[in-house]
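Trainee: If you scroll down you'll find the structure; I have some questions about it.
Nothing in this text is a laboratory measurement; each read-out follows from the coordinates by a stated rule. Small disclaimer: the values here were computed from a predicted structure and weren't measured. When we count neighbours, we look across all protein chains shown, and the Cβ atoms used for this are built from the backbone with ideal geometry, even at glycine.
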Amino acid sequence: MTTSLIPPLCSDGHVLAEVNGALGIIILNRPQALNALSLPMIRDLRTLLAAWRDDARIEAVVVLGQGREGKPPAFCAGGDIRFFHTAAHAKDSALGDFFTEEYALNHEIHVYPKPYIALMDGIVMGGGMGITQGAKLRVVNERSKLAMPEAHIGLFPDVGGGWFLAQCPGHVGEWLALSGQVLGAGDAIAWGLGDVYVPAAEWDALVEALRHGEQPSAERVVATVMDRAAVAPAAVHGAHRAEIDRHFGVGDMNQVLASLQADGSEWAHKTLKQLSHNSPLGMAISLELVRRGRSLSLADDLRLERTLVHWCFEPAWRGVHCETVEGIRALAVDKDHHPRWQPATQTEVTAAQVAAMFESPWPADQHPLAHLQDA
């Protein structure tokens, strides 16, 4: 390991870095929290990527998650939602910094000039999707569990989700944004959220080869992955593509729900049950975001998401009901799984409420992500 190529890091060991030949290796090392991202971890990722972007000795980067002894793997379960809850109640400006810097990191990965390879073993949700979807190679296995479940906590599919879900075929993006459906390897590859399947039986050997085998060039790094690639499992949810497009391609959320209710099938019933747990306002915002995402650049989408997340937490700063704080409370703090949503039903959500969430609180030149430019 060449330590001279590793800049100082600040996350108390929650991000580890190694160099093997021409390969920079990033290991998310917070397994007790399913490798959920903290602000110091985001800063370390940005520090490493910036240093290696500008160093000719590093030709490729791999990111992976630290495993948990005797437990299923987790690449990254998302952002640290307990921190979101605490910071919102404390009116801590670090909450805004978290999202500004996380979204900047997401953009940096998408435009990174060197091969960036994500080993998506186990849980890959929310913020974990944000640091993988911009990868040149998104490597999955039969343990991979991909999802964007933010509507379940009164949020929306952020970290670029408004853009990358919009790239899915048909209206799959809306379905994923609203249902939070977990995808396995076959569906991920079929719908453009994964690239390469490497069987779990080959995973340890792959990681060992990347960390300790000869890696003199980016070409060798990519070949190390592709040499172990296999045919992906069949897509599980592909059989429901027609239903997804029919129900999730209609008008607003009330029309989506009405379409599903009129269906009567087992699949429609299951989908309605998934949606019933979510914030009505969060779902309306998520639906609008993915639809707008089809006509936005990634940079513009991330700016829009930064606007949305401001309004998602802003009520907490005023001491009034905050959908996202309430959703986190119910899921991760009190764990009663009975959030008190306001509005409580979809029919109570107004178009004006949704539209207001998309209005930036900042002039264009003062937006926290005004500097983002797509390559």
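Trainee: Report the local net charge at residue 94: Lys and Arg +1, Asp and Glu -1, summed over other residues whose C-beta lies under 13 Å from its C-beta.
Mentor: -3
Trainee: Give me a comma-separated list of calculated 3J(HN,Hα) values for the stretch 205-210, in order, Karplus coefficients 6.51, -1.76, 1.60 applied at θ = phi - 60°, integers in Hz, x for any Gly or Pro.
Mentor: Calculated HN-Hα couplings, in order: 5, 4, 4, 4, 5, 5 Hz.
Trainee: For the stretch 3-366, what is Rg from Cα atoms divided by 2.2 N^0.38 Å, rounded to two decimals?
Mentor: 0.97
Trainee: In µm²/s, what is D for the stretch 39-137 at 37 °C and 0.692 mPa s, where D = kT/(6 pi eta Rh) by Stokes-Einstein and Rh is the Kirkwood radius from Cα pairs?
Mentor: 227 µm²/s
Trainee: Here's another thing I want to ask about it. I need the calculated FRET efficiency for the pair residue 321 and residue 350, taking r as the beta carbon distance and R₀ as 22 Å, to the nearest 0.05.
Mentor: Efficiency, rounded to the nearest 0.05: 0.85.
Trainee: Give me a comma-separated list of calculated 3J(HN,Hα) values for the stretch 241-253, in order, Karplus coefficients 6.51, -1.76, 1.60 applied at θ = phi - 60°, integers in Hz, x for any Gly or Pro.
Mentor: 4, 5, 5, 4, 5, 5, 7, 8, x, 7, x, 8, 4
Trainee: Assuming 0.36 nm per residue, please report the length gained on full extension of the stretch residue 167 to residue 4 beyond their Cα-Cα distance.
Mentor: Result: 54.7 nm gained on full extension.
Trainee: For the stretch 171-256, place one equal point scatterer on every Cα, skip the solvent, and apply the Debye formula. What is log10 of I(q)/I(0) at q = 0.14 Å⁻¹?
Mentor: Listed by q, the Debye log ratios stand at -0.63.
Trainee: Check which residues have an amide H placed less than 5 Å from residue 194's amide H, if you skip close sequence neighbours.
Mentor: 189
Trainee: For residue 71 and residue 86 in the same chain, what is the full-extension length gain: residue separation times 0.36 nm, less their Cα-Cα distance, in nm?
Mentor: Separation in residues times 0.36 nm, less the Cα-Cα distance, equals 2.6 nm.
Trainee: Under 10 Å, Cα contacts only: if you run a Gaussian network model on the chain, which one of 107, 337, 152 comes out with the highest mean-square fluctuation?
Mentor: Taking springs between Cα atoms under 10 Å, the residue moving most is 337.
Trainee: Any lysines with Cα under 27 Å of the residue 270 Cα? List them, leaving off those in the same chain fewer than 8 positions away.
Mentor: 145, 335
Trainee: Once each part is reduced to its C-alpha centroid, what is the distance from the stretch 316-375 to the stretch 158-230 in angstrom?
Mentor: 30 Å
Trainee: Expressed as an acute angle from 0 to 90° and rounded to the nearest 10, what is the orientation of the C-alpha long axis of helix 94-110 relative to the principal long axis of the chain?
Mentor: 60 degrees
Trainee: Next up: Around residue 346, with a cut-off of 14 angstrom between Cβ atoms, what is the net charge of the other residues, counting Lys and Arg +1 and Asp and Glu -1?
Mentor: -4
Trainee: Taking the number of other C-beta atoms within 10 Å as the exposure measure, put 164, 156 in order starting with the fewest.
Mentor: Fewest to most other Cβ atoms nearby, the residues stand as 164, 156.
Trainee: Can you give the calculated 222 nm mean residue ellipticity of the chain, where each DSSP H run of n ≥ 4 adds -39,500 (n - 2.57) and the sum is split over every residue, rounded to the nearest 500 deg cm²/dmol?
Mentor: Theoretical 222 nm ellipticity from helices: -12500 deg cm²/dmol.
Trainee: With contacts defined as alpha carbon pairs under 8 Å and 6 or more residues apart, what's the relative contact order of the chain in percent?
Mentor: Relative contact order, the chain: 17 percent.
Trainee: Could you check the spin-label model distance between residue 252 and residue 56? Points 7 Å from the Cα along Cα→Cβ, value in nm.
Mentor: Here the modelled spin labels are 5.9 nm apart.
Trainee: Scan the stretch 278-375 for GluC sites (Glu not before Pro) in coil per DSSP, keeping those whose Cβ has at most 14 other Cβ atoms within 10 Å, and list them by number.
Mentor: Loop-located and lightly packed - 359.
Trainee: Sticking with this structure for a sec: Write out the trypsin sites (Lys or Arg not before Pro) in the stretch 43-99 meeting two conditions: DSSP loop, and at most 16 other Cβ atoms within 10 Å of their Cβ.
Mentor: 57, 68, 91
Trainee: I would also like to ask the following. At 0.36 nm per residue, and after removing the present C-alpha to C-alpha distance, how many nm does the segment from residue 222 to residue 272 gain when stretched out fully?
Mentor: 13.8 nm
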